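J.: Could you have a look at this structure, given as structure tokens, before my questions?
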Amino acid sequence: MADKTDTGFRVIVEFGRKILTGIVWEIHAMAPEAYEPKFILDVIDDKPIISAKSKDLFDWMAGYYMCTPGEVMNAGVPTGLKLSSESKIQLHPDFSLDKSEIGFSDKELSLIKSLEFDKSITYPEAARILSLKNIYHILKSLINKEVVIIYEEIKERYKPKKEIRVRLNEAYLREESQMEALFAQLEKRPKQLDLIMKYLQLVPVYENPESNERGISKNTLFRHDLSRSSYKTLIKNDILHEFEVIVPRFKLEDLETHEVELSDLQNEKQSNIKKSFEERQTVLFHGITGSGKTEIYIQLIREQLKAGKQVLYLLPEIALTTQIVERLLRIFGRNIGVYHSKYSDNERVEVWKGVLEGQINFVVGVRSSVFLPFNDLGLIIVDEEHETSYKQLEPAPRYHARDVALFLGRLHNAKTLLGSATPSLESFYLSQTGKYKYIRLDKRYGSSVLPEIKLVNTRQERKNKTLTGNFTSVLINELKKVVDSGKQALLFQNRRGYSPFVICQNCGWIPQCEQCAVSLTYHMYKDELRCHYCGFRTYIPTTCKACSSTQINTVGFGTEKIEEDMKLILPEARAKRMDLDTTRSRYSYQRIINSFDRGDMDILIGTQMITKGLDFGNVIMVGIMDADQILNFPDFRSVEKAFQMMSQVSGRAGRRAQKGLVLIQTSNPEHPVYEKVINNDYDGMTNVELKERKQFNYPPFSRIIEITIKHKDREKSYKIARTLGIEIKKNLPAGMILGPEEPLIAKIRNEYLQRIIIKVERDKINLSFLKEFLNNTAIAVKSTKEFRSGKIVFNVDPS
């Protein structure tokens with residue numbers, strides 16, 4: 001098969017007893033010395049499914065993020081392009097029931113007779129035939145008697161979508177007399193004549209003779225109440241012809257297109273961006289919320305597409321993708337590929353192939369879009385570049401899509417535009433040191449202005465007994481005004497569920513996850529306690545497991561509790577929530593966003609997915625329910641993240657003519673970050689944070705590599721971490737290493753965790769050499785028999 005394959009081709013390989021999809025990575029003449037390689041079983045493709053530049057990207061990601069190329073491929077290549085194999089049962093070629101002298105049970109005979117009829121069946125089919133859940137003892141018996149064999153049937157997961165179309169026999173169009181003869185022939189068959197007349201009405205064969213070649217969809221034809229038996233007769237008599245065509249699954253609605261006009265200030269900033277691209281490959285575009293960054297992106301995209309280049313537009317959330325796609329459709333029509341996890345495997349394969357073959361030049365998508373096999377990228381836009389959603393946590397590769405996009409841009413010699421109203425400190429620092437160019441837009445588009453931001457002291461309201469549940473009197477009064485005026489409001493709480501935990505009022509017992517060291521969150525809708533780390537679920541106890549008390553109450557509040565309270569406090573208000581629990585289905589984001597945009601609800605309650613770039617013209621008020629929870633998280637980035645989150649959600653208010661209002665509920669209004677948020681003082685926040693980060697050598701002045709050690713035995717987890725830490729400290733300065741120590745959550749999915757943090761001073765240590773050393777040290781530690789069952793996981797640049 002050597003002449004049938006090349007790098008980037010998919011092949012079928014045998015790995016142990018499994019049949020897997022492989023990608024040819026390199027062809028060379030150096031046979032491995034440590035083992036004898038197996039032959040490739042088959043070549044799937046007649047051309048590569050990944051481009052040469054994609055291969056370079058995958059190699060870089062494997063090296064930078066300290067994982068294997070296979071892990072990068074597994075994450076990057078759509079599931080639909082990976083073959084699946086299914087175990088099947090068939091009779092042994094040498095077996096004949098008539099000649100056999102072996103005794104069989106009734107169940108065995110039943111399976112044998114089914115196999116004589118069906119030739120081969122799957123495990124589930126055999127279980128149904130025998131009316132048994134477990135058939136393995138029967139299969140084992142028949143295998144031992146050499147009656148059946150098990151084999152793997154390989155299937156291609158991706159199947160192109162086909163459509164049956166119909167056209168008129170060309171003979172009737174060559175001469176007018178032929179068509180007249182057909183009408184005369186069908187004169188006494190009115191149902192057949194109706195069918196032909198409807199076809200000619202829908203397909204303009206005389207004005208456009210080529211249209212008959214394309215024909216019409218059979219389903220479209222039969223929307224017009226026509227006779228199916230007459231249709232079959234016309235097919236049988238060779239008057240109509242049926243044929244199959246492959247059609248794209250990926251269909252976007254046609255929307256009326258319109259042009260975007262930039263203001264003078266926007267035109268100036270667009271011109272500045274283009275000039276900056278002449279000097280640097282990367283530009284950081286710092287534009288406040290509502291300043292019209294998207295309109296500038298659109299003009300830059302249009303110029304690249306006109307030049308025949310490909311464009312990638314990255315967004316952090318599927319919810320944001322939904323709204324942006326609708327806006328882009330009005331500009332670019334249907335020439336857009338959309339790529340995210342809510343699309344099916346087959347749809348993602350079609351976008352992948354469309355990009356590879358040059359049919360799709362503009363892709364809008366979330367972080368996984370960086371893996372697409374672009375051939376000629378001209379521009380990459382990373383919108384809301386500060387967002388932590390761009391960072392993949394599990395499984396490997398634990399990549400950051402923004403940083404991968406920067407490398408992808410260098411591979412293609414493309415321009416990369418990082419956009420945000422609240423840039424990450426890393427990007428801002430790199431722009432100030434000259435690595436990126438920096439463009440700032442400080443004025444909102446048109447007549448809209450930044451909203452007024454007020455702090456509401458929950459501690460004082462609690463003391464005055466004016467709190468209603470988790471709502472201050474100020475927030476309730478403002479919400480009433482919004483509802484009465486026919487406007488809309490957003491309520492932000494960065495915690496889903498009803499309450500973060502339940503507690504026994506008598507002894508303080510709190511239900512914990514059986515597999516993780518965390519309390520269980522109460523979800524009222526399903527009346528269950530749920531772990532947000534491993535998915536474990538259980539019923540809410542009626543009595544305390546420690547003292548048998550029945551006084552078990554909920555503590556704290558999530559989006560579900562706010563939604564319930566809202567119905568009691570403002571029963572006239574139409575309130576709904578948008579969080580992970582309400583957006584699990586494919587079109588749920590779109591339904592909620594469109595419903596709110598149409599004015600079908602007054603108040604939208606949500607987690608951080610409502611903070612990211614959404615544009616609602618009727619929203620004049622935003623309420624941040626619990627700002628303290630965002631600030632008091634044990635993370636060196638907590639102030640930065642709190643400023644970004646509060647600024648972003650505040651930016652959803654008053655995006656048209658009417659000035660917006662933002663209410664921040666907090667028990668600590670003296671915290672200095674609130675003054676920065678109220679004054680939109682990004683520079684003030686960054687100055688304070690950068691001084692502190694420099695003092696303690698945290699990013700952007702260093703890079704961080706986080707090493708997590710996992711083991712089902714707590715003592716062994718500690719021993720592996722301590723041994724690894726000792727070996728690392730032998731070769732690295734003590735000031736670079738923190739730990740080992742237990743993280744805040746010390747057990748997840750029945751595995752006990754230890755953590756070591758390596759702080760690498762920027763541009764002072766060879767990062768590739770350090771990573772190789774850490775990898776080799778981890779392999780050496782794990783080679784010890786006692787530690788073999790443990791896991792050592794690297795996370796480069798944790799966010």
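J.: Being under 32 Å from the mean Cα position of the chain (by Cα) and without any contact (Cβ under 8 Å) to a residue 12 or more places away in the chain is the filter; apply it to segment 529-566 and report the residue that is surrounded by the fewest Cβ atoms within 10 Å (Cβ to Cβ).
T.: In this case the residue turns out to be Gly535.
J.: Here's something else I'd like to know. Go through (1) of a type outside the set (Phe, Trp, Tyr); (2) surrounded by fewer than 20 Cβ atoms within 10 Å (Cβ to Cβ); (3) out of contact with any helix residue (DSSP H, G or I) (no Cβ under 7 Å at 6 or more places or on another chain) for His671 and report which single condition fails.
T.: Here His671 clears every test but (3).
J.: Now for a different question. Sort through Ile102, Ile150, Ile143 and tell me the only one that's closer than 30 Å to Asp42 by Cβ, over 41 Å from the mean Cα position of the chain (by Cα) and open to solvent by 30 Å² or more (accessible area, probe 1.4 Å).
T.: Being closer than 30 Å to Asp42 by Cβ, over 41 Å from the mean Cα position of the chain (by Cα) and open to solvent by 30 Å² or more (accessible area, probe 1.4 Å) holds for just one of Ile102, Ile150, Ile143, which is Ile143.
J.: Something else: Kindly state which strands (runs of 3 or more DSSP E) lie completely within segment 509-558 and contain at least 2 residues that are under 16 Å from Leu580 (Cβ atoms).
T.: So the answer is 521-523, 528-530.
J.: While we're on this one: Residue check: is Arg410 in a helix (DSSP H, G or I) and closer than 19 Å to Gly287 by Cα?
T.: Considered against the rule, which asks whether it is in a helix (DSSP H, G or I) and closer than 19 Å to Gly287 by Cα, Arg410 comes out as no.
J.: Looking at the structure I just gave you, is Asp42 of a type in the set (D, E, K, R) and over 23 Å from Phe15 (Cβ atoms)?
T.: The answer is no for Asp42.
J.: Of the residues that sit in segment 748-773 and are hydrophobic (A, V, I, L, M, F, W, C) and in contact with a strand residue (DSSP E or B) (Cβ under 7 Å, 6 or more places away or on another chain), which one is surrounded by the most Cβ atoms within 10 Å (Cβ to Cβ)?
T.: Leu753
J.: Taking strands (runs of 3 or more DSSP E) that do not extend beyond segment 432-503, which have at least 3 residues that are crowded, with 20+ Cβ neighbours inside 10 Å, aliphatic (A, V, I, L, M) and touching a residue at least 24 places away in the same chain (Cβ under 8 Å)?
T.: Passing ranges, in order: 452-457, 488-492.
J.: If you don't mind, there's one more thing I want to ask. How many residues are open to solvent by 30 Å² or more (accessible area, probe 1.4 Å) and under 22 Å from Asn494 (Cβ atoms) when one looks only at segment 512-528?
T.: 5
J.: Of all residues in segment 719-747, which are open to solvent by 40 Å² or more (accessible area, probe 1.4 Å), farther than 13 Å from Ile705 by Cα and of a type in the set (A, V, I, L, M)?
T.: Result: Ile726, Ala734, Leu744.
J.: Within segment 28-68, track down each residue that is surrounded by 10 or more Cβ atoms within 10 Å (Cβ to Cβ) and more than 26 Å from Val404 (Cβ to Cβ).
T.: Ile40, Leu41, Asp42, Val43, Ile44
J.: So, one more: Grab the strands (runs of 3 or more DSSP E) fully contained in segment 74-182, keeping just those with 1 or more residues being of a type in the set (D, E, K, R) and in contact (Cβ under 8 Å) with a residue 60 or more places away in the chain.
T.: Qualifying strands (runs of 3 or more DSSP E): 84-91, 148-155, 161-168.
J.: If I ask for residues that are without any contact (Cβ under 8 Å) to a residue 24 or more places away in the chain and either closer than 21 Å to His386 by Cβ or part of a strand (DSSP E or B) (or both), which ones from segment 689-723 would you list?
T.: Those that are without any contact (Cβ under 8 Å) to a residue 24 or more places away in the chain and either closer than 21 Å to His386 by Cβ or part of a strand (DSSP E or B) (or both): Lys691, Glu692, Lys694.
J.: Considering Leu570, Leu580, which residue is aliphatic (A, V, I, L, M) and in contact with an Asp or Glu (Cβ under 9 Å, 6 or more places away or on another chain)?
T.: Leu570
The values are calculated or read from the model by the stated rules, or taken from the named source; none is laboratory data. Predicted model, so just to flag it, every value in this text is computed and none were measured. Cβ: placed from backbone, ideal geometry, glycine included. Neighbour counts: every protein chain shown. Side chains included, ligands, DNA and RNA excluded: accessible areas come from the protein's heavy atoms. Shrake-Rupley method; radii C 1.70, N 1.55, O 1.52, S 1.80 Å.
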